[in-house]
Amino acid sequence: MMMEERYITFALGKGRLADKTLELLEQIGITCREMKDKNSRKLIFVNEEKRVKFFLAKGPDVPTYVEYGAADIGVVGKDTILEENRRVYEVLDLGFGRCRMCVCGPARAKELLQHHERIRVATKYPVIAKEYFYNKKHQTVDIIKLNGSVELGPIVALSDVIVDIVETGSTLKENGLEVLEEICPLSARMIVNQVSMQMETERIRTLILKMKELIPIREGV
Ligand code: PRP
């Protein structure tokens, strides 16, 4: 009897990224009908024929599942990869979910940044903020961790600036804030468990190549 192929398990960050990823997987023939049912509370889905499993997790937990091998592959934002700093391989920029990690604040805070003053920085991303201010700018700052609606920081005088994701810029604009400095570009990335990459090289490599073919080439990058 032939040995059954083992399952390849995907961990997807809940929300927009997962929807986009499923679209891409569908285009390369990996479908999962039951996952499309929006009313379902099910967390894990199986495609028996392709020997693939998917589960949905909170974005910041995706690199954790992949590092420990509970998932072979994960799809998650670059922001989460940088913040979580897990031992995983980042193998592909999927080209969607493009946005930027930025230092933002009221226009008057620009000077505080230029003069390297000891300022307060509110953020959901303390690791990224620390790396940027301490290691790149060599500016000592006080970092205040928040869990969302970070734009409130400068408005209610909790902080001088924020480090946050900017996509369209409308959240900033509506709150009288602006981009003061850009830290790095972000987008959805595919990550792979380090052992899985060795054990299932061919299957994973084929998958990466097929996904790559679907990603539009961007001009001028
Ligand atoms: C993100 C981010 C900004 C906003 C940026 O927040 O933290 O607040 O989107 O998008 P924009 O530039 O297109 O306005 P999210 O919606 O994830 O919620 P959060 O405030 O809970 O982090």
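The values are calculated or read from the model by the stated rules, or taken from the named source; none is laboratory data. Note that the structure is predicted; figures quoted are calculated from it, not measured. Cβ sites come from the backbone with ideal geometry, for glycine too, and all protein chains shown count toward neighbours.
Could you tell me which residue of segment 8-49 is farthest from S196 (Cα to Cα), considering only residues that are within 20 Å of the chain's Cα centre (by Cα) and part of a loop (DSSP other than H, G, I, E, B)? Give the derivation first.
First, pick out the residues of segment 8-49 that are within 20 Å of the chain's Cα centre (by Cα): 9-25, 43.
Filter once more, so that each one left must be part of a loop (DSSP other than H, G, I, E, B): 14-15, 43.
Numbers: K14: 23, G15: 25, L43: 22 Å.
The selected residue is G15.
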For segment 47-91, give me each residue that is of a type in the set (K, R) and either touching a strand residue (DSSP E or B) at 6+ places or on another chain (Cβ under 6 Å) or farther than 13 Å from K14 by Cα (or both).
K50, R51, K53, K78, R86, R87
As an exercise: evaluate Q198 against (1) in the same structural domain as D79 (by TED's automatic domain parsing); (2) more than 23 Å from P60 (Cβ to Cβ); (3) in contact (Cβ under 8 Å) with a residue 12 or more places away in the chain; (4) polar (S, T, N, Q) and give the number of the one condition it does not meet.
(3)
Please list, ordered by residue number, the strands (runs of 3 or more DSSP E) wholly in segment 146-221 having 2 or more residues that are within 15 Å of the ligand (Cβ to nearest atom).
161-166, 178-186
Going by the conditions given, is V121 without any contact (Cβ under 8 Å) to a residue 60 or more places away in the chain, within 16 Å of the ligand (Cβ to nearest atom) and farther than 25 Å from D61 by Cα?
no
Any idea how many residues of segment 125-162 are exposed (fewer than 15 other Cβ atoms within 10 Å of the Cβ) and of a type in the set (S, T, Y)?
3
